[in-house]
């Protein structure tokens, strides 16, 4: 079936489609049952962002399996939080930043799928569609961090509306979204943008933070080359490389950290997590890490069948409980 505008509106993805993206987006598919956000919340006040000329949002369906949607969002012009409200909120909030190599943001396998899993357990979930640094925005390298900081502040400002505890706000990121997360881990109080309203008086430090097979380092020896180029350009100097390498910015007051990585990841080297883990341990910052021999990259909830790494959601849940988030 063709994905119409009404269905996109229901999913918080009402987007203009153009060119090759249009053809792919019209591929036949069926949204997995139950994965529909309850609302879509703009990160920034209307008119605050000057969208780069020619930038157009598009949603592309990458899966031909009618029961396993795998969409990606490109050219993000309206950064936002897609909200999933549980029937019985337990007061916990989790913000999720899916991956995509800073070229796009994955919708389903690292966003809506985990949002559904957490929602079923009473967590209020916000899937973050952040701006992409290679899309022509000013101050490109700080654009994802600015959106992550704003997301945490905005969620806290909505505590009464959404029925959450502003002291139980966790953040999680996958792959390049893991770089968004780990940048927030170490630079939650950096001046990534000028305040725009009362929400910006609130803290952007999450109460707990998880990074799943994350891009972390900008060191060319282990960096994910595409993410590095999109974030920093083709030839960053040593100082910029260090600033945007969270393992070199570890601090004792950073949030408790959860790391997950497969050792056979051939896209983002496990050394990204190992270095950050080592940096946290060196300064005594709380960090729990899980490494699995198999799993590859980008497994999310959809690609773990038959592997020990399939246990990761329960490990993450238990960690959230130990941190008194859930």
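Flag: residue 217 matches the condition of being part of a loop (DSSP other than H, G, I, E, B), under 19 Å from the mean Cα position of the chain (by Cα) and within 28 Å of residue 295 (Cα to Cα). For region 173-189, the criterion of a residue being surrounded by fewer than 21 Cβ atoms within 10 Å (Cβ to Cβ) and touching a residue at least 12 places away in the same chain (Cβ under 8 Å) is satisfied by at least one position. Being assigned to a loop (DSSP other than H, G, I, E, B) and farther than 19 Å from residue 255 by Cβ is the filter here; which residues of region 192-203 pass it? Once the filter is applied, which keeps residues that are assigned to a loop (DSSP other than H, G, I, E, B) and farther than 19 Å from residue 255 by Cβ, region 192-203 yields 193, 194, 195, 196, 197. The condition of being part of a loop (DSSP other than H, G, I, E, B), over 17 Å from the mean Cα position of the chain (by Cα) and either over 17 Å from residue 221 (Cβ atoms) or modelled with pLDDT under 95 (or both) holds for only one of 280, 311, 285, that being 285.
Which of the residues belonging to region 41-88 are touching a strand residue (DSSP E or B) at 6+ places or on another chain (Cβ under 9 Å) and at positive phi? Of everything in region 41-88, just one residue is touching a strand residue (DSSP E or B) at 6+ places or on another chain (Cβ under 9 Å) and at positive phi, namely 75. Selection of first residues in region 37-53 that are over 24 Å from residue 134 (Cβ atoms) and of second residues that are modelled with pLDDT under 95 and in a loop (DSSP other than H, G, I, E, B), restricted to Cβ pairs under 6 Å at least 6 apart or on distinct chains, gives the following pairs, ordered by first then second residue: 37/12. Does region 244-263 hold any residues that are over 18 Å from residue 180 (Cβ atoms) and part of a strand (DSSP E or B), and which are they? Within region 244-263, 262 is the sole residue that qualifies.
Residue by residue, here is whether (1) closer than 30 Å to residue 135 by Cα; (2) over 19 Å from the mean Cα position of the chain (by Cα); (3) assigned to a loop (DSSP other than H, G, I, E, B) holds:
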position	(1), (2), (3)
236	yes, yes, yes
242	yes, yes, no
266	yes, yes, yes
317	no, no, no
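The values are calculated or read from the model by the stated rules, or taken from the named source; none is laboratory data. The model shown is predicted, which means the values in this text are computed figures rather than measured ones. For neighbour counting, all protein chains shown are included, and Cβ atoms are generated from backbone atoms with ideal geometry for every residue, glycine included.
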